[in-house]
């Protein structure tokens, strides 16, 4: 383990330790006493180390697996309640100089239509997202410093924050940014643009497979890519989001390595990832899934979600529209706290003909093609509070402060009321009558459940303010 900022990824993603952990877990997958002890430890909501979490993941005792899923559900409900954060990805350029063999943005892919949005086109995309009801965006772009420079990214961030919807009170309030690994100086500049979370997917932590799947381009440098979060946090970025693309490597390897990465960041910076994303490889233009032998089935995927929730109780878990409605429903039940909605992975698809752009420039094929309104109605039927809240970032409840608030339980005095208020805004400005009626009923039920009487009274007052056309009200 590397206990200082590292330039060599293999100092903290130790292949031998991962193999030892996998062997230990495999040897003890039927060890009822050991597994019971780990489950009991996890009940204190302080998480698990990579070795303990992996043991739960490979456990093959039916009764203990039922306990694992039940515990994951209980942890999710205890910490997150019934809130579900909603966001949308915004792809602004698919020019890329990397040779990633699983991605249609690959420089060698000659059939993908290359597109870089102008600032005016970005404005049109953002306005379309705002007019759906979105308040959070994940900004996405390929790595090409000639066609998609950092200055272009910075201009895009300014454009997004300065764009309003049909109602001038509606804006994007938080931009999470998923761009290529870069330098400390560039991360400092990114920090100055008032971003939310900096996101970078590792894809796979297995160095041999990483180099196989990333044969050319700047992303082919395993160590530089894997140590990006060190540089981002050193530069002052408050929150980072990690993730792997399940299907590139044996899932046990990447599950273990991601938790080791988290342990490393906590040891150096006193803060692990704010979010963990767990996409699975999907079909896309010129991508043949039969070439990827480590594909993860649904049953295993859901157990991965449950074990991440147990291992990192205060870290947000994200699944996107790569997954279908059934998997997303099950995932929400056992650990997922954030989902995308009404999403497109194409360049320019929100403000143009969706089908045309999906076919020509999409990064991957989405499985959940429902509109944002349909997803919100679905969540309401399931008794979840769809949340567009961005208050913590604007109140500087970020990084270690956010984790401190979460661990002592104080965050509940903010998150549930703010989720209710953000839902009320959506219902007032965007919802159809059936959604509005269902949402209003849930809001009334949830206000009754607020235990702090002062917070309850303030929430009721803020609800009335929203009904009188005031916006962006939060605790």
Fill in the blank from the handout: The condition of being assigned by TED's automatic domain parsing to the domain that holds residue 170, under 13 Å from residue 340 (Cα atoms), touching a strand residue (DSSP E or B) at 6+ places or on another chain (Cβ under 6 Å) and surrounded by 19 or more Cβ atoms within 10 Å (Cβ to Cβ) holds, among 90, 117, only for 90
Handout entry: segment 165-179, subset assigned to a strand (DSSP E or B) and touching a helix residue (DSSP H, G or I) at 6+ places or on another chain (Cβ under 7 Å), residue surrounded by the fewest Cβ atoms within 10 Å (Cβ to Cβ)
Key = 171
Handout entry: Residue satisfying all of: in segment 318-338; assigned to a strand (DSSP E or B) and out of contact with any helix residue (DSSP H, G or I) (no Cβ under 6 Å at 6 or more places or on another chain); nearest to residue 245 (Cα to Cα) among these
Key = 318
Problem - Single residue of segment 303-317 satisfying the filter (outside any loop (DSSP other than H, G, I, E, B) and under 16 Å from the mean Cα position of the chain (by Cα)) that is surrounded by the most Cβ atoms within 10 Å (Cβ to Cβ) - result: 309
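Would it be correct to say that residue 56 is touching a helix residue (DSSP H, G or I) at 6+ places or on another chain (Cβ under 9 Å), closer than 28 Å to residue 210 by Cα, surrounded by 23 or more Cβ atoms within 10 Å (Cβ to Cβ) and not assigned by TED's automatic domain parsing to the domain that holds residue 212? It would help to see each step written out before you state the result.
On the way: touching a helix residue (DSSP H, G or I) at 6+ places or on another chain (Cβ under 9 Å): yes; closer than 28 Å to residue 210 by Cα: yes; surrounded by 23 or more Cβ atoms within 10 Å (Cβ to Cβ): yes; not assigned by TED's automatic domain parsing to the domain that holds residue 212: yes.
Here the answer is yes, as residue 56 does meet what is asked.
Among 95, 102, which is in a loop (DSSP other than H, G, I, E, B), buried (at least 18 other Cβ atoms within 10 Å of the Cβ) and either outside the structural domain of residue 338 (by TED's automatic domain parsing) or free of Cβ contacts under 8 Å to residues at least 60 places away in the same chain (or both)?
Details: 102 fails: either outside the structural domain of residue 338 (by TED's automatic domain parsing) or free of Cβ contacts under 8 Å to residues at least 60 places away in the same chain (or both).
Selected residue: 95, the only one of 95, 102 that is in a loop (DSSP other than H, G, I, E, B), buried (at least 18 other Cβ atoms within 10 Å of the Cβ) and either outside the structural domain of residue 338 (by TED's automatic domain parsing) or free of Cβ contacts under 8 Å to residues at least 60 places away in the same chain (or both).
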Problem - Yes/no for residue 320 being under 19 Å from the mean Cα position of the chain (by Cα), modelled with pLDDT of 95 or more and within 28 Å of residue 124 (Cα to Cα) - result: no
Exercise for the section: Within segment 155-164, count every residue that is more than 23 Å from residue 425 (Cβ to Cβ), without any contact (Cβ under 8 Å) to a residue 60 or more places away in the chain and touching a helix residue (DSSP H, G or I) at 6+ places or on another chain (Cβ under 7 Å). Expected result: 1
Fill in the blank from the handout: Checked 79, 137, 130 against criteria (at negative phi and assigned to a strand (DSSP E or B)); the one match is 137
Problem - Scope segment 37-63; condition part of a helix (DSSP H, G or I) and without any contact (Cβ under 8 Å) to a residue 24 or more places away in the chain; matching residues - result: 37, 38, 40, 41, 62, 63
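Can you go through 388, 414 and tell me which one is more than 20 Å from residue 350 (Cβ to Cβ) and buried (at least 18 other Cβ atoms within 10 Å of the Cβ)?
Working: 388 fails: more than 20 Å from residue 350 (Cβ to Cβ).
Within the list 388, 414, the selection yields 414.
Please verify whether residue 376 is closer than 16 Å to residue 84 by Cα, in contact with a helix residue (DSSP H, G or I) (Cβ under 7 Å, 6 or more places away or on another chain) and touching a residue at least 60 places away in the same chain (Cβ under 8 Å), treating the condition exactly as stated.
Details: closer than 16 Å to residue 84 by Cα: yes; in contact with a helix residue (DSSP H, G or I) (Cβ under 7 Å, 6 or more places away or on another chain): yes; touching a residue at least 60 places away in the same chain (Cβ under 8 Å): yes.
Against the criterion (closer than 16 Å to residue 84 by Cα, in contact with a helix residue (DSSP H, G or I) (Cβ under 7 Å, 6 or more places away or on another chain) and touching a residue at least 60 places away in the same chain (Cβ under 8 Å)), residue 376 qualifies.
The values are calculated or read from the model by the stated rules, or taken from the named source; none is laboratory data. Since the structure is predicted, the reported quantities are computational estimates derived from the model, not experimental observations. Cβ coordinates were reconstructed from backbone atoms using ideal geometry, including for glycine residues, and neighbour counts include every protein chain displayed.
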